[in-house]
Structures are given as structure tokens and as C-alpha cells.
1. Which value in Å is the Kirkwood Rh of the stretch 194-285 over different Cα pairs?
2. Is it possible to state the helix-based mean residue ellipticity at 222 nm for the chain, with each DSSP H run of 4+ residues giving -39500 (n - 2.57), the sum divided by total residues, to the nearest 500 deg cm²/dmol? What is it?
3. Which order do peptides 100-108, 166-174 fall in by mean Cβ count within 10 Å, highest first?
4. Based on the mean of other Cβ atoms within 10 Å per residue, sort peptides 179-189, 59-69 so the most packed one is first.
5. Loop-only check: which GluC sites (Glu not before Pro) in the stretch 139-228 are DSSP coil with at most 15 other Cβ within 10 angstrom?
6. Give the Cα extents of the chain along the principal axes, in whole Å, largest first.
7. Give me Rg over Rh for the stretch 185-246, both radii from the alpha carbons and Rh done the Kirkwood way, two decimal places.
8. Roll a 1.4 angstrom probe over the protein heavy atoms and tell me the percent of accessible area of the chain that is carbon or sulfur.
Amino acid sequence: MLSQRLCYLGILLAAASLAPAQEPDFSKVEIRTTRLAEGLYVLQGAGGNMTASVGADGVLLVDSEYAALADKIRAALRSVGGGGPAGGSSSSRDQALRYVINTHYHFDHTGANAAFARDGAVVIAQDNVRARLRTGGTAGNGGSITREVPAVEAAALPQVTFDHELTVHVNGDDVRAVHYPNAHTDGDTIVFFPSTGTVAMGDIYVRYGFPFIDINSGGSVQGMIAACEDVLLHVPGEARVVPGHGEVSGVAELREYLQMLKETSAAVGGALKAGKTLAQMKQEHILGRWSERYSPPKAFVDTDAFTETLYNSLRGHVARHGSRPR
Ligand SMILES: [Zn+2]
């Protein structure tokens, strides 16, 4: 199943060096809705996972996938009792999509921002997300993976931005959006739903194999590790963990993923200290046992690409938009 849950950004990025980027066939995409707890759902279509709090105060949605899927996302929200237009009748307004929080700027997580903003939703994101959406840029791992990301229309820009942290009090929960610097990008937000012990991690945690780290946009493996460690310190042992891509997991799977990040980083860090070149590291398969688990056939980030990512990250590839540490 891993190959079917591939990050579409991943597919687009992987295709970029060979041919013009191809978008998924949106007409064939179905939005799968899974109930995590009372009033809390995960929606999975063709981009990043979405997490929805649905209740008397309306809907708060984490991430917005693709513009072409906006109608299907609205229908999925209606099927669980939410998603009416903010300007509708008083009864539908109660269930309106009121807030969208972007976990980061990548287009498979922000694509329907403008559509939902036109419905009346307030789009919320970390400061750097707005800056990157406004200017566009080149996403990539500092080496073989690269992709031009166009600027978005003004209507897609977050209306509310924050530096470190923001709380939305909705549906009886205190939903906390926390910035984790220089992780998957420089604008990552992890969203905590404390009342149900749920956390939505964006692409800091993915389950399609070795993660894509957007070093060109300020990401780093050190930041990925720090973010995962912090989440594990702050969520209960029975927490539900929503990855950016792939199936919802518990804490144990996140802990193993963190172990993978640490051990592979240590391997590349050690090889760097020993003066090895990237070519030598690839040849010696220094990621060891983790390659079997995290580099499935046709992996977007295969063993060589992840070795290169770690190499670039640990050598201190300099991002164009640095962000202040918390
Ligand atoms: Zn991403």
C-alpha cells in the first residue's frame, strides 16, 4: 500500500526532472473520511491528509489539498455534518467551514485555500507560509529533487498568520497550532487537538517511506528530529497521530520514524566527519537496515535521494528564508 499512498508532491517532484509535471486525475479521486473521535475526522483524497473538527461552532480544517477537489471536500464535510457556506442560512452557518490551518506552503496542502476563503473561511498559517505562497520558489532537497512552485493568487493567501503559536477555541477544544522551525520547510505547523489526544503533523511525519525534506525552503533533518521529539513529549501515550501522507498511526510508529531519522542522520554525520564523499556514502549503503523499510519500490525519496538529503542538510545548506528559533 505504501506506493499507493505516495505524496503527490512527491510524484510531481519526481516527474519534474524527466517531463512536465503531471497532476493527478482529480475526476477519479474520492475523499475517504475516517472518524477519529466524536466530531473529529481525517479526510484523505489526493494530496496531504486533512483533519477536520466538526461541531456546533462550525468546521476547522487542517490543510486543503487541491483546488480541483474543493467540491469533493465540501461534500465530504457535509456527509459528517459540516461544511455549509459561511454566508448561508443560520442553520447552515452553524456548520460552516470557518477555519483552515495550513501545515506548510506546499500546493498539495494549500490548493483549495482560495476556494474555501471565498466560502468565508479564515485561512491561518505560520508567517513563512504566507511569504512562500506569495512569491513561489523552488522546492527541493538541495540536489537531485527540485520543483518550481508558482506564486498563488491573492485569495489563497492566509489572512491570519502567526510566528510561534496560535490557539483556536472551537467545538469545545483548544486547538493549538505550533510552529516547528526548519523541519519539512521553514513554515511547518503541527496542530494539536488536546480534547481528543490527536495531533496532525503535516509533512514532518509521512508514511510513504523516507521523507521529502524541502531543504530549499528552509527544511532540515535536525528540525524534523526536534519536532518529532517535542511531539512525543507532549502527547499522551494513546494519541492518534495524523501524518501528512499515509494512514493514521499511534505514538509507537512515530517513535520508530524518529529513530530512523536519528540513526540515518548519525550514519551520514559520521561519514561526513570521516571525510567521505556523497558518492562513497551511496556506494556503501550507509543507511543500512532502514533502506528496506523506508525505500519501497518506486519510492519518491529512495535511499540515494535520502542520503543526499541528509548530506545536504547536515552540511548546512543555507535556506533563503531562515526563521528564528523558538
Ligand atoms: Zn510537503
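1. 14.4
2. After summing the helix terms and dividing by the residues of the chain, the value is -9000 deg cm²/dmol.
3. My ranking of the peptides, most packed first, is 100-108, 166-174.
4. My ranking of the peptides, most packed first, is 179-189, 59-69.
5. Qualifying residues, ordered by number: Glu153.
6. Dimensions of the chain along the principal axes of its Cα atoms: 67, 43, 38 Å.
7. Ratio of gyration radius to Kirkwood radius for the stretch 185-246: 0.97.
8. On the chain, the fraction of accessible area on carbon and sulfur atoms equals 50 percent.
The values are calculated or read from the model by the stated rules, or taken from the named source; none is laboratory data. Everything quoted here is computed from the prediction, not taken from an experiment. Note: ideal-geometry Cβ built from the backbone for every residue, glycine included; neighbour counts use all protein chains shown. The accessibility values were calculated without ligands, DNA or RNA, using every heavy atom of the protein model including side chains. Shrake-Rupley method; radii C 1.70, N 1.55, O 1.52, S 1.80 Å.
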